[in-house]
Amino acid sequence: MTNLTNLHETQDLQLAIEGMNCASCIKSIEKALLATSGVESASVNFADKRAQVRASVDPQTLIKAVADAGYKATVIHSEADLEAEQEAAERAYLRKMVWKTIAAAIIAIPLLVSGIVYPFLPPLITRMQQFIWLGIGIICLFTMWFAAGHIFAGAWKAFKSHAANMDTLIAIGTGAAWSYSMVVIIFLNYLPAQTRNLYFDTALTIITLVNLGVVLETHARGKTSQAIRRLIGLQPKTARVLRGNKEIDVPIADVVTNDLLRMRPGEKIPVDGVITEGQSTIDEAMLTGEPIPVTKKIGDEVVAGTLNKTGSFIFRATHVGKDTALARIVNMVKQAQNSKPAIGRLADIISAVFVPIVLIIAVITALTWYNFGPQPHLIYMLVTAITVLVIACPCALGLGTPMAVMVGVGKAAEFGVLIRNGDALQQAGRLTTVVLDKTGTITKGQPSVTEIIPTSDYNEAQLLTIAASIETHSEHPLAAAIVQATQTKKLTLQAVNDFIAISGKGVKAKLNNDEILFGNRQLMIDHNVTIDTLTAKANELADRGQTPMYLAQANQLIGILAVADPIKADSKAAVSRLHKLGLKVVMLTGDNRKTANAVAKDVGIDEVFAELLPQDKLAKITLLQDRGEKVGMVGDGINDAPALAKANVGFAIGTGTDVAIESGDVTLMRDSLHGVPDAIASSRATVRNIKQNLFFAFIYNTLGIPIAAGVLYPLIGILLNPIIAGGAMALSSLTIVMNANRLRFFKPAN
């Protein structure tokens, strides 16, 4: 028989999960997915009700596996469509839960008031009063069915899957309270007087408070994905396309690669492309975090979601739909939000075993009170067992990490920092050393001619013309800078012949039958060219971080040209911010030591390793790690790939192009080092928030369960009411959600 699994390529899928009511559901769904043949990994996020699955099976197989576990799943195809659907579904769910809360409260409040404040309902003594309370019990049953049907259904699903969850605890607690009350009513005359207590008010008040907690939590949780919604909202719904001799507005889904599109001032760019006519300034702030608009001209790339500010232009579509940079960014951020840092996986493990432990504690509590507690044993046993079940729900524990990760990753995206996974988020905050590549990271990566120093027989234009005429034949990066300088000055180059590149030293060629030498000091020494007159000047240039190159004609020195890669304007400030965060800053470069030291001194680097090959950079990262450092490597994502991979966290610095988006653990969308301290500060704030959430959750359950079990009763006579336990349980989850939402107001310090 053919193995159908092999017919499908391995792919990453996202599933929207319905029916997931608590953190304990995570384990059931993950277990069902991982048990499916062809599934490599599965991770469920309780906060946004999604599953991230890597598998080589048909999506319908995954949907069936989730259904068999008692939940509903749908495959997420379009992020934009899904967001709209989820938002509508969330609003509908919120409305439904509000009505369920109101229904439970309408019955619970009178029962509670009559039992505690003013007893306007009849006591349970006579036969007629029995019938009245029997009717009240039936009304309570129907109310519980309407207001808590989802809880009992969830408990039944868990039971069929041989699991237990929050619904199990609530269902057992409220079900026991209602059932005991009905037993008291029906068998009134067979029970001792001190055991004839009714707990309808307890059951319905707990359900009211649990539902109210869900309403408040859902409302607050809706704010966590605002960053994603803003990113998705950047893309317009329509685009103006040139077809034939007409400009027509078409839905964004109808735009295809190579279409020509017209952009007018104030419009959002619908797809990625290249400008073919006109120019403008583009506001890329929502993608890069950079507030200053960027000038774009013919041949420049434009990115979907950015805002055309001033000019009108035509561009050719290069990436559309899910292939645009914006779509990939949204997808990457969602994947990061769904991933779990190590600290979060700990919470999942605890949540998975927590409910069975609570059930055991509830049984032990009941037996202890029944055998050793005061009279009436049955009442104390029931109250304490129900209270333990209600207060121990692990919702807060399961929400603590995913809520903070969702908000933190989304917030970082607003600063142009794309964090690819939960582990990178956690590790970035632990870094002790940041290693920077020089070229293109600290410097602009675009060398330019900075000094032209001719001897007395030549002028600057002549020197530049001779040097550039030779360098047109060279592929060296510095050669391009020299040739570019002649184009800027509109100088005419001369023909050369017999060109030879001398590795590590420079070049030589024939110009007008004269031998021309252009290169470093060693090249001049090898050809017996005297350079004493300009040696001091060359050393001075090198000390300032510039690369001096000697030019000789017919074995006579005729001048020096200096080329330098300018330092980015904000590199020094960014390094200063890293120091303020308590980090050591190291620079790795293949450039010469003098130039490297000059750049390091200018921007405030702590340690420099120069004249390195790519494999040497990898060795230096290993050396730092062997010293006990947690290393973050910042590079361009290609040349520094080995070092980026070896570092604890790799930061790919770029401008939002294909390579930058796909490289590194953390991608910096703007071409600035400020993204590194932004990323580290965001990481620390998020991990700090996760720890706060888990601390609140652990403390709540650690202290709450013993108090619910009645440990304070023998000491000070205090026994926790199940109703108060229900309110505390609901408020604990709300506290976690609200604390996570504080991250939405986080701003990295300058």
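The one condition from (1) in contact with a Leu (Cβ under 6 Å, 6 or more places away or on another chain); (2) surrounded by 17 or more Cβ atoms within 10 Å (Cβ to Cβ) that LEU260 does not meet is (2). Would you pick out the residues in the stretch 256-285 that are assigned to a strand (DSSP E or B) and more than 33 Å from the chain's Cα centre (by Cα)? Within the stretch 256-285, LEU260, ARG262, THR276, GLU277, GLY278 meet the criteria.
Taking the stretch 442-556 as the region of interest, the helices (runs of 4 or more DSSP H) fully inside it that hold 3 or more residues being of a type outside the set (A, V, I, L, M, F, W, C) and open to solvent by 80 Å² or more (accessible area, probe 1.4 Å) are 477-488, 532-543. Scanning the stretch 176-205 for residues that are in a helix (DSSP H, G or I), under 20 Å from ILE724 (Cα atoms) and of a type outside the set (A, V, I, L, M, F, W, C) yields TYR180, SER181, ASP201, THR202, THR205. Listed by first and then second residue, the pairs linking a residue in the stretch 21-38 that is more than 13 Å from VAL53 (Cβ to Cβ) to a residue that is open to solvent by 20 Å² or more (accessible area, probe 1.4 Å) and at pLDDT 85 or above, with Cβ atoms under 8 Å apart and 6 or more places separating them unless they lie on different chains, are ASN21/HIS150.
Number of residues in the stretch 498-547 that are under 19 Å from LEU478 (Cβ atoms) and among the polar types (S, T, N, Q): the value is 6. Residue under question is VAL390, and the condition is that it be in contact with a Gly (Cβ under 7 Å, 6 or more places away or on another chain) and within 26 Å of THR735 (Cα to Cα); does it hold? The answer is yes for VAL390. For the stretch 418-441, how many residues are under 22 Å from ALA573 (Cα atoms), assigned to a helix (DSSP H, G or I) and open to solvent by less than 10 Å² (accessible area, probe 1.4 Å)? Total meeting the criteria: 3. Restricting the first member to the stretch 86-111 and to residues that are among the aromatic types (Phe, Trp, Tyr), and the second to residues that are open to solvent by 50 Å² or more (accessible area, probe 1.4 Å) and part of a helix (DSSP H, G or I), no beta-carbon pair is closer than 6 Å while six or more apart or on different chains. Looking only at residues of the stretch 567-590 that are among the charged types (D, E, K, R) and outside any helix (DSSP H, G or I), we find that the one that is modelled with the highest pLDDT is LYS584.
Looking only at the stretch 410-460, residues that are among the aromatic types (Phe, Trp, Tyr) and at pLDDT below 85 come to 1 in all. Among the candidates ILE723, ILE690, ILE680, ILE718, the residue that is open to solvent by 10 Å² or more (accessible area, probe 1.4 Å), assigned to a helix (DSSP H, G or I) and not small (Gly, Ala, Ser) is uniquely ILE723.
Are any of the residues in the stretch 28-41 crowded, with 18+ Cβ neighbours inside 10 Å, more than 18 Å from the chain's Cα centre (by Cα), of a type in the set (Ser, Thr, Tyr) and at pLDDT 75 or above? Yes - at least one qualifying residue is present in the stretch 28-41. Could you check the stretch 524-551 and list, in sequence order, the residues that are closer than 28 Å to GLY445 by Cα, over 52 Å from the mean Cα position of the chain (by Cα) and aliphatic (A, V, I, L, M)? The answer is MET524, LEU534, ALA536, LEU551. Would you confirm whether any residue within the stretch 591-602 is of a type in the set (S, T, N, Q), assigned to a helix (DSSP H, G or I) and buried (at least 21 other Cβ atoms within 10 Å of the Cβ)? So far as the stretch 591-602 goes, yes, one or more of its residues are of a type in the set (S, T, N, Q), assigned to a helix (DSSP H, G or I) and buried (at least 21 other Cβ atoms within 10 Å of the Cβ). Give the stretch 304-318 a look and list any residue that's outside any strand (DSSP E or B) and farther than 11 Å from SER280 by Cα, or say none. Result: ALA304, GLY305, THR306.
Listed here are the residues, each with its yes/no results for (1) surrounded by fewer than 13 Cβ atoms within 10 Å (Cβ to Cβ); (2) touching a helix residue (DSSP H, G or I) at 6+ places or on another chain (Cβ under 6 Å); (3) among the aromatic types (Phe, Trp, Tyr); (4) at pLDDT 90 or above.
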site: THR61; (1), (2), (3), (4): no, no, no, no
site: LYS64; (1), (2), (3), (4): no, no, no, no
site: GLY70; (1), (2), (3), (4): no, yes, no, no
site: VAL75; (1), (2), (3), (4): no, yes, no, no
site: GLU83; (1), (2), (3), (4): no, yes, no, no
site: ALA89; (1), (2), (3), (4): no, no, no, no
site: THR101; (1), (2), (3), (4): no, yes, no, yes
site: ILE107; (1), (2), (3), (4): no, yes, no, yes
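Please go through the stretch 622-653 and pick out each residue that is in a loop (DSSP other than H, G, I, E, B) and either of a type in the set (Asp, Glu) or at pLDDT below 90 (or both). Of everything in the stretch 622-653, those that are in a loop (DSSP other than H, G, I, E, B) and either of a type in the set (Asp, Glu) or at pLDDT below 90 (or both) turn out to be GLU629, ASP636, GLY637, ILE638, ASN639, ASP640, ALA647, ASN648. None of ALA239, ALA253, ALA220 is in a helix (DSSP H, G or I), farther than 30 Å from SER114 by Cβ and at pLDDT 80 or above except ALA253. Of note, PHE120 does not satisfy the criterion of being open to solvent by 100 Å² or more (accessible area, probe 1.4 Å) and not in a loop (DSSP other than H, G, I, E, B). Every condition in (1) surrounded by 18 or more Cβ atoms within 10 Å (Cβ to Cβ); (2) modelled with pLDDT of 75 or more; (3) of a type outside the set (A, V, I, L, M, F, W, C) holds for GLN130 except the one numbered (1).
Only one entry of GLU290, GLU284, GLU301 meets the criterion of being closer than 26 Å to LEU673 by Cα, at pLDDT below 90 and out of contact with any strand residue (DSSP E or B) (no Cβ under 8 Å at 6 or more places or on another chain), and that entry is GLU290.
The values are calculated or read from the model by the stated rules, or taken from the named source; none is laboratory data. Keep in mind that what you see is a predicted model, and the values were worked out from it rather than measured. Glycine gets a Cβ as well: all are built from the backbone with ideal geometry, and neighbour counts include every protein chain shown. In case anyone asks, the SASA skips ligands and DNA or RNA and just uses the protein heavy atoms, side chains included. Shrake-Rupley method; radii C 1.70, N 1.55, O 1.52, S 1.80 Å.
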